[in-house]
Amino acid sequence: MKITKINHIYQLAFLPTLFPVNCYLIEEEEYLTLIDAALPSSYKKILQTAEKIGKPIQQVILTHAHSDHIGSLDKLKELLPNVTVSISKRDARLLKGDKGLLQGEENTPIRGGVPTSIQTIPDRLLVEGDQIGSLTVVETPGHTPGSISLLDTRTNAVIVGDAFQVRGGMAVSGVMKWRFPAPAFATWSKGKALESAMKIHELNPTLLAVGHGQMITSPEEQMNLAIKEAERRHNG
């Protein structure tokens, strides 16, 4: 595991040279918020890192319900029974293994590793604008129907789950990067993903923190290029 810290954000990168999977510890004044739960074995390093920081994990927020983002969830809830687990209202269905589409949603199969045996029941179902500590919920569907991003109101950093990828080249979710194709293969709606990428860009993030790849400071130019590429492919 590799740890990178920028301001209030600690990136924990598991398997960084093979199949990088990130989760994030966000430092608040008195506690930590964990964004995503990485792989099934990741809980040990997550807890060790929190201990080194010296603050308890009180919140767990899931950007979406794919297996590489919820792997340690049950173990963390077992070891931290008082932690509050939050996920979008839409992806709470996916967390239970329900891949069915809702009325009005794009009739495209939900892809990626959908869990089938998660026991944890979320404590809070999130919608646009909800606040958890310094973080504001931004609905960014596309990778999954209920994907969310988190805006840190102190610094304007945005943690985006798989709405963008950096590993293999900066890309909007659904745009194939052959050096790291997994996020594209796992994307539900390329059109919604493009809309969400534009929404994130409009937030003018000072930092982009993704599920796969390094954090990017001052990401505007790279985001612009990635969005233009996604537009060409979507409209072409």
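The values are calculated or read from the model by the stated rules, or taken from the named source; none is laboratory data. None of the values given here were measured: they were computed from a predicted structure. Don't worry about glycine lacking a Cβ; one is built from the backbone with ideal geometry, like all the others, and counts go over all protein chains shown. To get the accessible areas, we keep the full protein, side chains included, count just its heavy atoms, and leave off ligands, DNA and RNA. Shrake-Rupley method; radii C 1.70, N 1.55, O 1.52, S 1.80 Å.
Could you please give the count of residues in region 164-191 that are open to solvent by 10 Å² or more (accessible area, probe 1.4 Å), in contact with a helix residue (DSSP H, G or I) (Cβ under 6 Å, 6 or more places away or on another chain) and within 19 Å of A13 (Cβ to Cβ)?
Qualifying residue count, region 164-191: 1.
Is it the case that some residue within region 124-135 is touching a residue at least 24 places away in the same chain (Cβ under 8 Å), touching a helix residue (DSSP H, G or I) at 6+ places or on another chain (Cβ under 7 Å), open to solvent by 10 Å² or more (accessible area, probe 1.4 Å) and of a type in the set (A, V, I, L, M)?
Yes; the residues of region 124-135 include at least one that is touching a residue at least 24 places away in the same chain (Cβ under 8 Å), touching a helix residue (DSSP H, G or I) at 6+ places or on another chain (Cβ under 7 Å), open to solvent by 10 Å² or more (accessible area, probe 1.4 Å) and of a type in the set (A, V, I, L, M).
Just one of (1) surrounded by fewer than 19 Cβ atoms within 10 Å (Cβ to Cβ); (2) over 18 Å from the mean Cα position of the chain (by Cα) trips up P40, so point out which.
The single condition P40 does not satisfy is (2).
So S88 ticks every box in (1) surrounded by 23 or more Cβ atoms within 10 Å (Cβ to Cβ); (2) out of contact with any helix residue (DSSP H, G or I) (no Cβ under 7 Å at 6 or more places or on another chain); (3) polar (S, T, N, Q); (4) within 19 Å of T155 (Cβ to Cβ) but one. Which box is left unticked?
Unmet condition: (4).
Within region 192-231, which residues are charged (D, E, K, R) and either open to solvent by less than 60 Å² (accessible area, probe 1.4 Å) or farther than 26 Å from G104 by Cα (or both)?
Once the filter is applied, which keeps residues that are charged (D, E, K, R) and either open to solvent by less than 60 Å² (accessible area, probe 1.4 Å) or farther than 26 Å from G104 by Cα (or both), region 192-231 yields E220, E221, K228, E229.
Pairs, please: C-beta under 6 Å, at least 6 apart or cross-chain, first residue open to solvent by 10 Å² or more (accessible area, probe 1.4 Å) and in region 51-79, second of a type in the set (S, T, N, Q)?
Q59/T33; Q59/T84; D74/Q119; D74/T120; K77/T120
Regarding region 177-189, can at least one residue be identified that is part of a helix (DSSP H, G or I), of a type in the set (F, W, Y) and out of contact with any Ser or Thr (no Cβ under 7 Å at 6 or more places or on another chain)?
Yes: region 177-189 contains one or more residues that are part of a helix (DSSP H, G or I), of a type in the set (F, W, Y) and out of contact with any Ser or Thr (no Cβ under 7 Å at 6 or more places or on another chain).
Looking only at region 18-33, filter to residues that are open to solvent by less than 10 Å² (accessible area, probe 1.4 Å) and part of a strand (DSSP E or B); which one of those is nearest to P56 (Cα to Cα)?
It comes out as L32.
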